[in-house]
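Asks: Attaching a single structure in structure tokens format; questions to follow.
The values are calculated or read from the model by the stated rules, or taken from the named source; none is laboratory data. Every value quoted in this text rests on a predicted model; they were computed, and no experiment measured them. Because the Cβ atoms are built from the backbone with ideal geometry, glycine has one as well, and the counts that use them run over all protein chains shown.
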């Protein structure tokens with residue numbers, strides 16, 4: 001079996017830089033990280049200098065994701081040897097126990113970290129992740145809410161909470177979390193679009209109009225967001241079709257829907273250019289747009 | 001799969017060797033799951049191990065009699081319970097089905113939490129919608145705990161509509177043709193790396209040049225299906 005460097009014709013420096021990029025952008029492409037990282041560690045450890053410790057951490061977490069306990073264990077041993085009293089390493093040991101589904105042991109480890117350092121957010125978040133893994137959604141939600149009272153700026157936590165609420169069909173609370181996220185990240189089109197989806201799901205005329213506005217906002221921030229485009233089309237169509245709206249509102253929404261439809265059409269035409277396999281999806285969209293137009297007029 | 005003296009290969013059912021259950025009442029409808037449908041569902045669940053995934057089950061055979069699930073369309077791996085994208089996907093698949101003489105006959109879901117394969121409210125809701133159009137619709141839950149290499153039992157739990165609720169289907173009425181061959185085909189897809197070809201509707205929305213009808217992958221799977229046994 002040939003090595004990564006042979007297969008892709010890359011140097012060890014390029015492999016190291018790739019790992020850094022994945023680390024900085026928080027990618028979870030664990031299989032790739034394991035492939036590249038394992039080779040780097042085995043063949044080029046001496047050249048990596050102090051980078052090696054953060055690479056051990058990154059590879060260990062990826063190894064847990066891929067059920068490679070052998071690799072995770074050896075990375076952990078190196079880290080323990082170098083940083084014997086570190087809370088950060090202890091947390092990694094806890095994550096390994098989680099991967100082995102030894103949740104009680106993992107919790108004990110995290111509790112010992114918190115006894116030493118009650119402000120250790122990483123340990124608290126791992127405990128919440130355990131609740132989630134065990135399917136204890138309401139407890140996870142409760143703990144996460146308590147956590148956010150103390151650490152109100154933690155974006156990752158707000159997003160995790162919004163996901164939990166969506167799973168529990170508590171759309172009002174999910175919307176609240178997304179509102180927090182939109183306030184602190186006004187340029188993030190994904191939060192706007194998700195908020196639109198939640199509002200649409202809640203239903204009712206007011207929510208549909210709100211949904212439409214947020215889909216439009218998402219498109220302003222990123223005009224290639226297809227979910228926002230479809231969302232705009234669908235929410236505007238529903239508002240226009242509602243018997244409760246004034247003639248002006250109806251007219252405006254028909255206009256918005258028509259605009260969205262033409263953008264969708266254009267996007268699919270461009271995507272379908274020269275690619276035979278896309279013909280099916282292009283045709284499906286065209287027919288859908290046609291059929292929805294008929295019901296609206 | 002086994003051959004009898006005449007050299008004709010018999011299809012394997014999920015029947016335990018010692019029991020033979022007579023197919024009595026018409027409510028106990030038979031459901032047949034093709035290799036193509038099974039393979040793609042399995043690949044979908046494997047592609048997103050940390051997410052709940054879902055999709056639609058399709059049939060290209062006429063209504064009435066046994067339900068033959070001949071294909072599936074993988075739909076989502078995010079926000080299964082949010083309405084807009086689900087509605088969009090259902091509409092588009094509906095349109096595609098009418099263009100290709102197929103019908104939506106069921107729904108599948110694999111929960112993120114592998115130890116819990118019970119249908120979620122979202123699964124029941126969508127299955128209900130499908131039942132409105134297809135009165136022998138099936139709800140299929142993938143059992144994550146049985147998705148390990150070498151597992152001899154299909155990781156599937158099926159429900160059917162009975163007495164206004166979704167009830168567990170009798171295992172003896174579910175047929176997977178050529179089960180061992182299906183398993184080997186799935187393994188081959190993983191070893192050749194072709195499992196990465198699978199596109200679900202969510203991925204299509206991230207990049208609309210990707211084909212959610214999976215023509216390429218379908219062709220690869222059909223190539224692997226043994227031609228001697230006719231259509232699967």
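Asks: Any residue at all in the stretch A:142-149 that's under 20 Å from the mean Cα position of the chain (by Cα) and buried (at least 20 other Cβ atoms within 10 Å of the Cβ)?
Replies: yes
Asks: Further question: Specify which of the listed residues (A:180, A:193, A:206) is at pLDDT 95 or above and at the interface with chain B (Cβ under 10 Å from one of its Cβ atoms). Step through it out loud before you land on a result.
Replies: Working: A:180 fails: at the interface with chain B (Cβ under 10 Å from one of its Cβ atoms); A:206 fails: at the interface with chain B (Cβ under 10 Å from one of its Cβ atoms).
Exactly one of A:180, A:193, A:206 is at pLDDT 95 or above and at the interface with chain B (Cβ under 10 Å from one of its Cβ atoms), namely A:193.
Each row is one residue, and each column tells you yes or no for (1) surrounded by fewer than 16 Cβ atoms within 10 Å (Cβ to Cβ); (2) closer than 19 Å to residue B:75 by Cα; (3) more than 10 Å from every other protein chain (Cβ to nearest Cβ).
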{"residue": "B:153", "(1), (2), (3)": "yes, no, yes"}
{"residue": "B:160", "(1), (2), (3)": "no, no, yes"}
{"residue": "B:163", "(1), (2), (3)": "yes, no, yes"}
{"residue": "B:174", "(1), (2), (3)": "no, no, yes"}
{"residue": "B:177", "(1), (2), (3)": "no, no, yes"}
{"residue": "B:180", "(1), (2), (3)": "yes, no, yes"}
{"residue": "B:198", "(1), (2), (3)": "no, yes, yes"}
{"residue": "B:214", "(1), (2), (3)": "no, yes, no"}
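Asks: Residues in the stretch A:18-47 that are surrounded by fewer than 12 Cβ atoms within 10 Å (Cβ to Cβ) and more than 17 Å from residue A:65 (Cβ to Cβ): how many?
Replies: Residues in the stretch A:18-47 being surrounded by fewer than 12 Cβ atoms within 10 Å (Cβ to Cβ) and more than 17 Å from residue A:65 (Cβ to Cβ): 4 in total.
Asks: While we're on this one: Would you be able to tell me the number of residues in the stretch A:210-249 that are surrounded by 15 or more Cβ atoms within 10 Å (Cβ to Cβ), more than 13 Å from chain B (Cβ to nearest Cβ) and within 23 Å of residue A:286 (Cα to Cα)?
Replies: 5
Asks: How many of the residues making up the stretch A:150-177 are part of a helix (DSSP H, G or I) and either surrounded by 14 or more Cβ atoms within 10 Å (Cβ to Cβ) or within 12 Å of chain B (Cβ to nearest Cβ) (or both)? I'd like the intermediate steps shown before the answer.
Replies: Taking the stretch A:150-177 as the starting set, the residues that turn out to be part of a helix (DSSP H, G or I) are A:150, A:155-167, A:171-177.
Applying the additional criterion that residues be either surrounded by 14 or more Cβ atoms within 10 Å (Cβ to Cβ) or within 12 Å of chain B (Cβ to nearest Cβ) (or both) yields A:157-167, A:171, A:173-177.
So the answer is 17.
Asks: Away from every other protein chain (no Cβ under 14 Å), at pLDDT 90 or above and over 26 Å from residue B:144 (Cα atoms): is that true of residue B:60 in this structure?
Replies: On the way: away from every other protein chain (no Cβ under 14 Å): yes; at pLDDT 90 or above: yes; over 26 Å from residue B:144 (Cα atoms): yes.
Yes: the conditions hold for residue B:60.
Asks: Also: I'd like to verify a number: residues in the stretch B:200-212 that are more than 7 Å from chain A (Cβ to nearest Cβ) and either closer than 18 Å to residue B:87 by Cα or touching a strand residue (DSSP E or B) at 6+ places or on another chain (Cβ under 9 Å) (or both), how many?
Replies: In the first step, residues of the stretch B:200-212 are kept if they are more than 7 Å from chain A (Cβ to nearest Cβ); the result is B:200-203, B:206-207, B:210.
Restricting the remaining residues to those that are either closer than 18 Å to residue B:87 by Cα or touching a strand residue (DSSP E or B) at 6+ places or on another chain (Cβ under 9 Å) (or both) gives B:200-203, B:206.
Residues flagged as more than 7 Å from chain A (Cβ to nearest Cβ) and either closer than 18 Å to residue B:87 by Cα or touching a strand residue (DSSP E or B) at 6+ places or on another chain (Cβ under 9 Å) (or both) within the stretch B:200-212 amount to 5.
Asks: Can you name every residue in the stretch A:247-278 that is at pLDDT below 70 and under 30 Å from the mean Cα position of the chain (by Cα)?
Replies: Our first condition is that a residue be at pLDDT below 70; within the stretch A:247-278, this holds for A:274-278.
Hits for the stretch A:247-278 are A:275, A:277, A:278.
Asks: Starting from residues that are part of a loop (DSSP other than H, G, I, E, B) and free of Cβ contacts under 8 Å to residues at least 12 places away in the same chain, keep the ones in the stretch A:30-70 and report whichever is farthest from residue A:3 (Cα to Cα). Before the answer, list the steps.
Replies: Looking only at the stretch A:30-70, we keep the residues that are part of a loop (DSSP other than H, G, I, E, B), and these are A:48-50, A:66-68.
Imposing the further condition that a residue be free of Cβ contacts under 8 Å to residues at least 12 places away in the same chain reduces the set to A:49-50.
Values: A:49: 22, A:50: 24 Å.
The extreme case among them is A:50.
Asks: Residues in the stretch A:188-201: is at least one surrounded by fewer than 16 Cβ atoms within 10 Å (Cβ to Cβ), over 26 Å from residue A:152 (Cα atoms) and touching a helix residue (DSSP H, G or I) at 6+ places or on another chain (Cβ under 7 Å)? Quick ask: steps written out before the conclusion?
Replies: Of the residues in the stretch A:188-201, the ones surrounded by fewer than 16 Cβ atoms within 10 Å (Cβ to Cβ) are none.
No, every residue in the stretch A:188-201 fails to be surrounded by fewer than 16 Cβ atoms within 10 Å (Cβ to Cβ), over 26 Å from residue A:152 (Cα atoms) and touching a helix residue (DSSP H, G or I) at 6+ places or on another chain (Cβ under 7 Å).
Asks: Contact list please: Cβ distance under 6 Å, first residue in the stretch A:124-138 and more than 14 Å from every other protein chain (Cβ to nearest Cβ) and touching a residue at least 12 places away in the same chain (Cβ under 8 Å), second residue in a helix (DSSP H, G or I) and surrounded by fewer than 20 Cβ atoms within 10 Å (Cβ to Cβ), pairs at least six apart or on different chains.
Replies: Matching pairs, first to second residue: A:124/A:147; A:128/A:143.
Asks: Which residue, of B:85, B:126, is in contact with a strand residue (DSSP E or B) (Cβ under 7 Å, 6 or more places away or on another chain) and within 8 Å of chain A (Cβ to nearest Cβ)? Lay out the reasoning, then the answer.
Replies: On the way: B:126 fails: within 8 Å of chain A (Cβ to nearest Cβ).
Being in contact with a strand residue (DSSP E or B) (Cβ under 7 Å, 6 or more places away or on another chain) and within 8 Å of chain A (Cβ to nearest Cβ) holds for just one of B:85, B:126, which is B:85.
Asks: Next question. Name every residue in the stretch A:1-17 that is surrounded by 13 or more Cβ atoms within 10 Å (Cβ to Cβ), more than 29 Å from the chain's Cα centre (by Cα) and part of a helix (DSSP H, G or I), in order of residue number.
Replies: Scanning the stretch A:1-17 gives A:5, A:12.
Asks: Another question, then. Taking the residues in the stretch A:158-212 that are free of Cβ contacts under 8 Å to residues at least 24 places away in the same chain and closer than 25 Å to residue A:255 by Cβ as candidates, determine which candidate is nearest to the chain's Cα centre (by Cα).
Replies: A:195
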